[in-house]
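Everything on this sheet refers to the single structure shown next.
Here, each number is a calculation from the coordinates, and none is a lab measurement. Model, not experiment: these values are computed from the prediction. Glycine also receives a Cβ, built like all others from the backbone with ideal geometry; neighbour counts cover every protein chain displayed.
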Amino acid sequence: MRVELPPEPVHFVNRDDERERALRAVTEWQSRSRPLVLSLSGPGGLGKTELAGLIARTLLDRYPFTDGVLSVDLDDFRADGVLDPGDVLSRLLDSLDVTPDRVQAQYAARCKQYWTKTAAAKLVLLLDNARYASEVVPLLPASGDSVVIVTSHGPLHDLEAGAAVDLALPPLEERAAAELLELIVRDHRLAADPEAARAVVRLCDGLPAALHVAGRWVRTHRLRPLSRLLADLQAELEEKGVSGVEHVWDTVYADLSRPAALLYRLLPHHPGETFTLHSATALSGLGPETCQDALEELDRAGLLDLRLLSLTEAGQMRLPGPLRGHALRRSRREAAEAPESERGEVAEAQVRLVRWFVRQAQLADRFAAGRRLTVVDLFDAVPGVPDVPLEDPEAVEYADDDQARAERAERGERAARWLDEERHVLFACSRLAHGRGLDTEVVALSEPVWTHALDHPHQSEVTEVFRRAVDSAVRHGGNAGWLVRTRCQLARPLWESGELSEAAVQLDRAMSARELLGDSERDRKLAASAVEHRGMLKGARGEWSAALADFAASRDMHRAIPNPYGELLQTYRLGEASAEVGDLEAAQQLLSEAYTGFVAKNRERLIGRSAFALAGVLHRLGRTDEARELYEQSLGRADRRRSGFDLARVHDALAELDAAEGNLAEAEEHRTAAQSVRRRNGLV
């Protein structure tokens with residue numbers, strides 16, 4: 001059972017009425033066709049997310065939600081404030097054990113896949129930071145046995161009456177706010193000066209987030225009488241002339257050291273919703289140790305909560321929404337007040353950060369995919385900012401070949417995981433770089449995104465990254481290699497989504513740009529790659545005889561360079577195409593050569609896929625023992641890669657082989673296994 005919930009808050013008071021209403025609504029819910037929706041709404045800082053988590057835990061304890069709790073922060077899936085529901089559905093399907101290669105490409109098909117997967121589910125789904133009811137509706141499970149808890153800053157009026165319980169959160173009453181402050185501070189000064197304590201509570205206006213900030217402020221100044229502390233706070237607030245919790249944050253900000261204040265002003269300008277210690281260092285221009293100290297100071301001041309660190313390897317953090325807004329206002333205010341010569345603080349920081357991210361993505365790409373053709377060279381290190389601690393698989397040197405292979409594979413997998421965990425920041429960096437006219441950076445970022453997309457297809461943002469790369473290549477206008485590469489990159493997700501005509505337009509233009517290439521090794525590889533992509537599009541159209549001609553031409557071009565890996569890849573493509581047109585003898589010879597070459601070069605993904613393709617040809621030729629051995633090898637590799645798509649199709653192939661040989665029990669076992677894989681992926 002999956003439970004995607006953070007630890008319970010250390011201090012939480014009141015909200016008993018809302019919890020009771022939520023539990024009563026669940027008890028009384030009778031629909032079998034749609035889930036109950038509990039809608040928690042109110043301004044930032046009221047503790048909606050914490051309350052949603054507590055309700056979810058209570059439901060898990062009291063009711064048989066056997067499929068667990070799924071949790072999604074919708075702000076993590078926004079691009080320029082717009083939510084991509086298809087990306088959220090991919091994330092939910094992943095939590096429901098659907099492997100990335102089994103997620104449907106088209107949005108409508110993906111919705112049906114999600115409904116299929118959740119039709120018989122008993123889930124608690126927590127959707128944090130919704131802005132509109134229209135964002136929530138596509139994410140509702142197709143089961144009346146599920147409960148959806150939604151948090152939003154305002155009421156979601158468009159949710160259907162009777163299917164949603166509105167739990168609007170008011171500010172804490174004074175007694176509850178005082179109780180929370182006492183839990184946070186645990187200081188004798190509160191009891192010694194109750195009037196001053198009440199004044200602090202009133203100053204926070206019933207917002208739990210503000211009470212936490214004030215509580216930390218009180219704890220920080222342990223020697224001052226509460227009355228003096230309050231007077232200092234009030235004087236500062238009166239001088240600024242703004243009421244409410246903003247005053248508390250402004251006052252805390254005023255006490256920050258220069259590095260911590262700089263970092264706080266810059267964090268809302270970080271591309272994407274999350275940041276890490278490494279990216280904060282790059283953004284701020286502070287050294288690693290100074291940046292660590294600044295982050296810890298912000299945590300102590302209540303302007304950042306390091307407990308929100310995610311469990312990812314990247315160590316991602318996020319500035320909560322209200323504080324992000326406050327930090328942005330501080331940044332704009334101080335920029336307006338700064339001398340003209342000091343107003344480039346944000347632009348300089350963002351350019352530095354984008355270039356740092358380009359380099360990290362390029363390194364992760366190399367480590368995950370091996371050395372391959374790229375059109376932008378590795379960026380230089382950013383002075384004073386270390387690289388992410390990923391390791392080069394090629395640097396492994398062990399006497400034990402098996403140990404070396406295992407370590408190389410693990411290093412490659414870590415690099416691929418980094419690309420996946422930081423994908424939204426990379427997408428945001430692409431948008432930022434394009435907006436600032438940084439065309440080299442836009443094109444450079446598209447190449448690691450290509451590697452990520454091979455393992456995680458059908459992400460709409462990926463296509464947009466490739467579109468921006470094409471636009472930057474055209475805008476730059478002086479690099480034919482960029483034009484060829486970016487248009488080929490864009491064509492593939494287009495034809496995979498069924499947009500064959502637009503893919504053809506991109507490849508026609510890539511072929512035109514190919515005529516402008518020079519005679520360097522890189523340009524000759526790019527020319528061969530363009531011909532290969534044209535052949536792949538023909539294959540997607542079912543025009544396999546025409547595809548054969550393109551793959552043969554591409555192989556001849558690689559052979560002339562010479563480029564052994566490119567030649568090997570085209571041999572594999574020729575083998576697949578030969579099998580499609582029925583020339584099995586040629587297919588067997590070509591795929592055998594490709595498979596042997598991929599094994600020698602340790603190309604894990606292509607080893608498994610070429611083994612499967614070769615096994616299929618051998619089976620058709622009646623060489624079933626050889627086919628079975630390759631199928632079983634392919635099955636093992638698919639299992640290690642956790643590829644649901646490959647697992648299901650290999651089980652299907654083995655079932656067909658066993659049935660043809662009269663092994664009916666074994667065939668049924670494979671059919672059952674394939675069905676189980678598909679059921680887990682919600683595609684039955």
Problem - Space enclosed by the convex hull of the alpha-carbon atoms of the chain, per residue, Å³ - result: 184
Fill in the blank from the handout: Length gained, Asp380-His153, 0.36 nm per residue minus C-alpha separation, equals 77.4 nm
Completion exercise
Looking only at lysines whose Cα falls under 26 Å of Lys601's and that sit 8 or more positions away or on another chain, we get Lys525
Exercise for the section: Would you work out which of Leu123, Thr151, Gly45 lies farthest towards the positive end of the dipole of region 2-168? Charges go on Cβ: Lys and Arg +1, Asp and Glu -1. Expected result: Leu123
Fill in the blank from the handout: Computed over the chain: longest principal axis from alpha-carbon atoms vs helix 226-240 long axis, angle to nearest 10 degrees, is 70
Fill in the blank from the handout: Note: region 571-669 at 4 °C, 1.567 mPa s; Kirkwood Rh on alpha carbon pairs; Stokes-Einstein D in µm²/s works out to 96
Handout entry: Overall dimensions of region 579-633 by Cα: Rg and Dmax, Å
Key = 10.5, 29
Practice task
Using only Cα atoms, tell me the angle between helix 48-62 and the longest principal axis of the chain; keep it within 0 to 90° and round to the nearest 10.
Solution key: 70
Practice task
Provide Rg over Rh for region 514-578; use the alpha carbon set for both Rg and the Kirkwood Rh (inverse mean inverse pair distance).
Solution key: 0.98
Problem - Kirkwood hydrodynamic radius of region 2-168, Cα pairs, Å - result: 16.1
Fill in the blank from the handout: Quick note, region 343-499: a/c under 1.5 would make it rounded; otherwise a/b > b/c is prolate and the rest oblate (a ≥ b ≥ c, C-alpha gyration tensor); here it is oblate
Handout entry: Per-peptide average of other Cβ atoms within 10 Å, ordering 659-672, 95-108 highest first
Key = 95-108, 659-672
Practice task
Grab the alpha carbons of region 441-550, take their convex hull, and tell me the volume per residue in Å³.
Solution key: 101
Problem - Order by protection proxy (mean Cβ within 10 Å, highest first), peptides 434-446, 181-193 - result: 434-446, 181-193
Practice task
For each of Val462, Val3, count neighbouring Cβ atoms within 10 Å of the residue's Cβ, then give the residues from fewest to most.
Solution key: Val3, Val462
Handout entry: Debye, to nearest 20: dipole size of the chain, +1 on Lys, Arg Cβ, -1 on Asp, Glu Cβ
Key = 740
Fill in the blank from the handout: Longest principal axis of the chain (C-alpha) makes with the long axis of helix 460-476 (C-alpha) an angle, in degrees to the nearest 10, of 80
Problem - Computed [θ] at 222 nm, helices only, for the chain once each DSSP H run of length n ≥ 4 contributes -39500 (n - 2.57) - result: -20500 deg cm²/dmol
Handout entry: J(HN,Hα) series, region 123-130, from Karplus relation 6.51 cos²θ - 1.76 cosθ + 1.60, nearest Hz, glycine and proline x
Key = 10, 10, 10, 9, 10, 9, 6, 6
Problem - Mean Cβ count within 10 Å, highest first, over the residues of peptides 509-519, 592-602, 208-218 - result: 208-218, 592-602, 509-519
Problem - For region 513-518, Karplus couplings with θ = phi - 60° (6.51, -1.76, 1.60), whole Hz, Gly/Pro x - result: 5, 4, 5, 8, 5, x
Exercise for the section: For Leu40, enumerate residues with amide H under 5 Å from its amide H, sequence gap 5+ or separate chain, H modeled in the peptide plane. Expected result: Val150, Thr151, Ser152, Leu167
Practice task
Could you grab the relative contact order for the chain? Cα pairs under 8 Å, six or more apart, rounded to a whole percent.
Solution key: 10
